[in-house]
Amino acid sequence: MTSTDSAAPAAAGKTHGNEFLYFASRNTKLVIGTVVFVLFLLAAIFGPMLAAYQPMTFDAPPGLPPSAEHWFGTTLFGQDVFSQFVHGLRSSFIVGALGGITAAAIGMFVGFFAGYRGGLVDEVLNMLTNVVLVIPTFAVLLVVAAYLSVRGLGTEALFIGLTSWPWAARAIRAQTFSLTSRDFVDMARLNGEGTFRIIFGQIAPNMSSYLVMTFILLFGGAILTAAMLDFIGLGPTDGISLGLMMNYSVMNAALQLGMWWWFVPPGLAITGIVGSLYVMNVGLDEVFNPKLRAL
Amino acid sequence: MLRYLARKLFIYLLTFIVAVTIDWAIPRFMPGNPVDALVSRIAMMPDANAALTSYFMAAFNLDQPLWQQYFNFWKALFNGDLGRSIMLFPTPVTTLIGRALPYTLGLLLPSILLSWYVGNMVGALAARRKILDNTVLPLGYLLTATPYMWLGILLAWLLGSVLGWFPLAFGYDQALKAEWTWRFFGSLVFHWVLPFASLFLVALGGWAIGMRNMIIYELESDYANYLQALGAPARLVRKYAFRNAMLPQITGLALQLGAVVGGALATEIVFSYPGLGWLVLSGIQNQDYFVIQGVFLFIIVGVLLANLIVDIVYVVVDPRTRVGLQGDAA
Amino acid sequence: MLAVSDLRIHYRTLSGSVKALDGVSFSVADGEIMGLAGESGCGKSTLGKALIRLEERMQYVGGEVSLDGAALPIADDRAMVPHRFRKISIVPQYAMSALNPTRRIGRMIDELLDSRGIRGATLRPELERRLAILGLAPDVLGMYPIELSGGMKQRVVMVLSTLLDPSLLIADEVTSALDVASQKKVAGALVEFRDRGFVKSMIVVTHDLAILAQIADSILIMYAGKLAEKAPTRTIIEAPAHPYTRLLLGSLPEVGIRFEERRLPGIKGRPPSLLAPPQGCRFRDRCPLAFDKCAVEPPFVEIAPGHQVACWKADAHAEG
């Protein structure tokens with residue numbers, strides 16, 4: 001490709017980007033979703049710096065309701081709930097990002113190759129996808145996590161990623177399949193470009209909006225799954241998370257004692273983050289899909 | 001049609017083999033070799049009797065070659081032997097599962113089927129009326145984004161703890177004896193309401209959104225346009241759109257099963273409900289690996305069977321699978 | 001007969017109104033098969049659809065339509081219902097996917113007729129007779145659409161659309177998705193349906209001038225939301241008066257290949273944007289004959305009996 005060739009698409013990309021921003025800023029769903037998501041993200045990044053207490057130390061009076069001193073109150077053991085909350089938020093984002101990236105990477109790899117290569121490659125990858133799709137992945141995570149005596153955020157995210165990719169692979173395969181027959185792919189093939197270059201140079205850029213939306217859903221799914229694992233007691237063994245907070249509160253009779261400040265914030269945060277991601281996704285769909293935004 | 005089912009069956013069989021292999025391999029090949037660690041720990045526990053230690057050694061057949069261990073594993077499986085519980089030694093795991101299963105099924109089946117049915121109805125109505133749509137859609141997204149256990153916790157707190165309408169925990173009143181009396185039955189239902197409601201509500205949101213989107217998609221499809229061009233009343237067009245939108249929702253039912261089962265486990269833990277979830281939790285807390293593995297296998301088999309049932313239902317309702325031209329699509 | 005006067009239809013988009021039909025007047029006589037041709041985006045499909053049912057994004061701006069002497073309330077979706085299927089009908093572009101995939105065809109037809117207050121059973125013999133005319137066995141009524149080939153589905157749709165003997169049939173790109181052999185069959189069927197009186201008159205919307213040359217009595221050429229020329233088929237082919245028609249014909253390749261698939265070699269440039277169409281003749285920028293007067297919009301006038309043109313130079317080169 002010569003330099004003049006590459007300049008033209010770049011310019012086109014710029015106007016395209018402006019158009020995207022124009023429609024994006026006018027889409028209430030996308031704006032609301034993004035604002036909520038960013039608020040939680042900021043809390044996860046800066047909250048731990050603001051928190052006056054350590055999340056896991058027992059240095060406060062137990063069972064205090066929210067006050068100026070302890071914004072979200074304290075646990076039955078005298079831990080600061082706000083501090084646990086912001087650290088838990090951080091873990092949720094980390095698991096969501098790592099799990100989402102892992103799943104997206106596998107899903108893209110399987111989807112692209114199955115869709116582009118077709119034939120036997122497709123058959124085998126499709127079979128693999130179907131098997132992982134049918135397996136109740138939550139049950140697999142259960143067994144795996146139970147046998148891991150030391151669990152970190154990274155391992156949790158990795159295993160969530162390893163089990164949550166099939167639907168993404170399927171969707172990407174279908175998209176790839178329809179793009180493979182297009183002119184520009186034929187041209188690239190005639191030019192003798194390799195599979196990798198065609199996939200990442202021609203096919204992937206042409207479904208980038210679709211990939212972004214897939215990643216958003218994987219991200220949200222990973223956060224939900226992690227919360228569930230943590231709640232069952234199979235979360236990270238070396239820290240705090242939103243799911244663990246709920247686990248501790250339920251196991252230690254916060255319900256019976258009416259200590260709502262212990263279990264409301266973590267669930268609310270997960271619902272808020274995942275909900276904002278879903279709403280963002282609907283908004284993005286309307287922005288990317290001219291058919292939906294025509295009116 | 002037969003080809004369609006045969007293909008599905010093959011995938012389920014393959015899945016089952018993979019799952020059993022995972023179940024067999026994880027304790028043996030996990031980093032840090034958990035089995036060795038366990039064996040040595042049990043052997044060192046002062047109250048662990050000799051019977052437990054020797055059972056454990058025998059169960060894993062660690063002195064035999066790997067292929068023999070794998071073979072034995074399958075053999076035990078076909079004899080319905082999932083091992084014995086460590087925490088309640090020597091109760092067989094199957095007995096524990098058998099005891100817990102009715103509770104889990106009693107939660108799962110009604111909540112899955114009802115949420116699917118009601119969700120589809122609500123979604124179909126939402127696709128019709130703008131006002132309803134504006135409330136159903138945000139509420140639906142909120143519900144699907146809610147972790148199962150958190151909705152359970154909220155319901156338990158508000159309706160159980162604060163208002164005192166429903167019991168907070170257990171499958172029935174612990175003061176009662178488990179016998180078939182009306183009182184006991186009433187207590188069962190009473191304790192069932194909240195865990196059922198939390199499962200039902202979270203799943204409801206997803207189905208409503210799915211149905212709404214599918215119907216809107218169907219209403220824009222070519223056959224709907226053609227019917228309208230020929231002056232067909234909205235009633236007929238909607239009837240067709242609804243029927244066709246149901247089909248992906250049936251497939252979706254199969255795909256959602258795994259997630260709902262996970263949700264049920266978490267919900268049971270919130271309510272100390274004596275189902276499989278509670279069993280798994282005690283298994284984890286007591287490092288009772290046979291129980292965890294047994295529940296795992298049970299869930300796999302259950303989900304695969306449910307998938308098969310969904311497939312058969314699908315063949316009945318979608319003529320395209322029956323004429324045999326679409327065997328590859330699923 | 002159909003009479004359309006000064007019809008204006010806009011498409012609503014975020015960037016503004018696209019003036020897809022910008023004052024269109026013409027008529028179709030009883031027994032006439034009128035071809036409607038032009039480049040993609042010229043408004044021909046909009047015209048076809050607007051006569052039977054406005055899509056959600058299509059906005060009625062003005063104009064009158066009458067069919068057999070009675071006004072057709074095309075702006076009022078509800079008021080149009082009694083006319084649809086009975087008086088005016090359509091074979092849509094997407095005929096291959098126009099049948100509900102999960103209903104047996106016969107049952108779907110019965111349910112449709114039933115919803116229009118007609119007992120399906122009373123029309124069943126006629127339905128089977130017409131299917132037979134197009135070479136379809138009555139068995140197809142017991143099948144699902146997926147069991148039929150694309151051409152078969154198209155023929156079923158043709159029979160269904162004309163089952164109530166409508167006064168006007170709109171055939172929208174009915175041949176574009178077919179191979180050459182099937183195209184000929186479908187085109188022949190259209191003529192046969194008219195000859196047997198199943199439909200009184202017909203508007204055949206297409207890219208394919210070659211098909212129109214075979215079946216149409218007259219041809220209407222559209223350009224950029226306006227009418228360019230209407231004349232009997234012979235006249236259009238042999239003595240076109242509008243420079244656009246001439247260029248279209250000049251670029252007309254052999255039968256079966258649609259001009260839209262290629263760049264029109266004789267016509268430089270693209271049609272103007274219909275968001276804000278230019279003043280004067282819309283073909284001016286691409287027209288080899290353009291001169292000063294073209295800054296004023298030419299009227300669509302009759303230059304010979306049955307021959308109407310919108311071009312200031314029409315007289316001159318109709319003779320030459």
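The values are calculated or read from the model by the stated rules, or taken from the named source; none is laboratory data. Computed from a prediction, not measured in an experiment: that's the story for all the values here. Note: ideal-geometry Cβ built from the backbone for every residue, glycine included; neighbour counts use all protein chains shown. With ligands, DNA and RNA removed, areas are computed over all heavy atoms of the protein, side chains included. Shrake-Rupley method; radii C 1.70, N 1.55, O 1.52, S 1.80 Å.
Quick one: in segment A:161-173, of everything that is open to solvent by less than 60 Å² (accessible area, probe 1.4 Å) and in a helix (DSSP H, G or I), which residue is nearest to A:Phe138 (Cα to Cα)?
The qualifying residue nearest to A:Phe138 (Cα to Cα) is A:Thr163.
Quick one: B:Phe190 ticks every box in (1) away from every other protein chain (no Cβ under 14 Å); (2) open to solvent by less than 20 Å² (accessible area, probe 1.4 Å) bar one, so which box is it?
(2)
Can you give me the ranges of the helices (runs of 4 or more DSSP H) entirely in segment A:200-295 with at least 3 residues that are open to solvent by 20 Å² or more (accessible area, probe 1.4 Å), of a type outside the set (A, V, I, L, M, F, W, C) and in contact (Cβ under 8 Å) with a residue 12 or more places away in the chain?
A:208-232, A:260-288
Every residue in segment B:99-115 that is away from chain A (no Cβ under 14 Å) and over 27 Å from A:Leu268 (Cβ atoms), please. First the steps, then the outcome.
Of the residues in segment B:99-115, the ones away from chain A (no Cβ under 14 Å) are B:99-103, B:105-107, B:109-111, B:113-115.
Those that are away from chain A (no Cβ under 14 Å) and over 27 Å from A:Leu268 (Cβ atoms): B:Arg99, B:Ala100, B:Leu101, B:Pro102, B:Tyr103, B:Leu105, B:Gly106, B:Leu109, B:Pro110, B:Leu113.
Which residues, counting only those in segment C:92-104, are more than 7 Å from chain B (Cβ to nearest Cβ) and crowded, with 23+ Cβ neighbours inside 10 Å?
C:Ala95
Of all residues in segment C:1-50, which are closer than 17 Å to C:Val199 by Cβ and not in a strand (DSSP E or B)?
Selection gives C:Met1, C:Ala29, C:Asp30, C:Gly31, C:Glu32, C:Gly48.
Can you tell me which of C:Ser15, C:Ser40, C:Ser89 is open to solvent by 50 Å² or more (accessible area, probe 1.4 Å) and touching a helix residue (DSSP H, G or I) at 6+ places or on another chain (Cβ under 6 Å)?
Every option except C:Ser40 fails the conditions.
Which one of these is more than 30 Å from A:Ala227 (Cα to Cα) and in contact with a Leu (Cβ under 8 Å, 6 or more places away or on another chain): B:Leu201, B:Leu219, B:Leu227, B:Leu168?
After ruling out the rest, the residue left standing is B:Leu227.
State whether one or more residues within segment B:259-266 are over 28 Å from B:Pro90 (Cα atoms) and open to solvent by less than 10 Å² (accessible area, probe 1.4 Å).
yes
Would you mind stating whether A:Ala188 is surrounded by 19 or more Cβ atoms within 10 Å (Cβ to Cβ) and at pLDDT below 85?
No.
Tell me, which residue of segment C:256-268 that is in a helix (DSSP H, G or I) and either at pLDDT 85 or above or out of contact with any Leu (no Cβ under 9 Å at 6 or more places or on another chain) (or both) is farthest from C:Gly41 (Cα to Cα)?
Taking the candidates together, the pick is C:Glu261.
Restricting the search to segment C:111-130, which residues are in a helix (DSSP H, G or I) and within 11 Å of chain B (Cβ to nearest Cβ)?
The answer is C:Glu111, C:Leu112, C:Leu113, C:Asp114, C:Ser115.
Quick check on segment B:282-295. Is at least one of its residues more than 7 Å from chain A (Cβ to nearest Cβ), within 15 Å of B:Leu101 (Cα to Cα) and among the aliphatic types (A, V, I, L, M)?
yes
Listed residues B:Leu125, B:Leu151; which is under 30 Å from A:Leu277 (Cβ atoms), within 12 Å of chain A (Cβ to nearest Cβ) and out of contact with any His (no Cβ under 6 Å at 6 or more places or on another chain)?
The match here is B:Leu151.
When residues of segment A:208-246 are filtered for being more than 19 Å from the chain's Cα centre (by Cα), facing chain B (nearest Cβ under 8 Å) and not hydrophobic (A, V, I, L, M, F, W, C), how many remain?
Summing the residues that are more than 19 Å from the chain's Cα centre (by Cα), facing chain B (nearest Cβ under 8 Å) and not hydrophobic (A, V, I, L, M, F, W, C) in segment A:208-246 gives 1.
Does A:Ser92 satisfy being of a type in the set (S, T, N, Q), closer than 29 Å to A:Met246 by Cβ, surrounded by 24 or more Cβ atoms within 10 Å (Cβ to Cβ) and within 14 Å of another protein chain (Cβ to nearest Cβ)? It would help to see each step written out before you state the result.
On the way: of a type in the set (S, T, N, Q): yes; closer than 29 Å to A:Met246 by Cβ: yes; surrounded by 24 or more Cβ atoms within 10 Å (Cβ to Cβ): yes; within 14 Å of another protein chain (Cβ to nearest Cβ): yes.
It is true that A:Ser92 is of a type in the set (S, T, N, Q), closer than 29 Å to A:Met246 by Cβ, surrounded by 24 or more Cβ atoms within 10 Å (Cβ to Cβ) and within 14 Å of another protein chain (Cβ to nearest Cβ).
Surrounded by 21 or more Cβ atoms within 10 Å (Cβ to Cβ), under 22 Å from A:Met246 (Cα atoms) and in contact (Cβ under 8 Å) with a residue 12 or more places away in the chain, is that true of B:Leu276?
Yes.
Return yes when B:Thr91 is more than 14 Å from every other protein chain (Cβ to nearest Cβ) and among the polar types (S, T, N, Q) and no when it is not.
When the stated conditions are applied, B:Thr91 passes them.
Restricting attention to segment C:269-284, which residues are surrounded by 13 or more Cβ atoms within 10 Å (Cβ to Cβ) and at pLDDT 85 or above?
Matches in segment C:269-284: C:Gly280, C:Cys281, C:Arg282, C:Phe283, C:Arg284.
Quick check on my filter: what residues within segment C:223-236 are in contact with a Leu (Cβ under 7 Å, 6 or more places away or on another chain) and hydrophobic (A, V, I, L, M, F, W, C)?
Selection gives C:Ala224, C:Leu227.
Within segment A:112-131, identify whether any single residue is within 27 Å of B:Val280 (Cβ to Cβ), free of Cβ contacts under 8 Å to residues at least 12 places away in the same chain and either open to solvent by 20 Å² or more (accessible area, probe 1.4 Å) or in contact with a Ser or Thr (Cβ under 8 Å, 6 or more places away or on another chain) (or both), and answer yes or no.
yes
Please tell me if C:Val174 is more than 12 Å from C:Leu134 (Cβ to Cβ) and in a loop (DSSP other than H, G, I, E, B).
yes
Restricting to segment C:78-91, what's the tally of residues that are within 9 Å of chain B (Cβ to nearest Cβ) and either outside any loop (DSSP other than H, G, I, E, B) or among the aromatic types (Phe, Trp, Tyr) (or both)?
Total satisfying the criteria: 5.
Being in contact (Cβ under 8 Å) with a residue 40 or more places away in the chain, assigned to a helix (DSSP H, G or I) and open to solvent by 10 Å² or more (accessible area, probe 1.4 Å) is the filter here; which residues of segment C:212-232 pass it?
C:Ile215 - this is the single residue of segment C:212-232 that is in contact (Cβ under 8 Å) with a residue 40 or more places away in the chain, assigned to a helix (DSSP H, G or I) and open to solvent by 10 Å² or more (accessible area, probe 1.4 Å).
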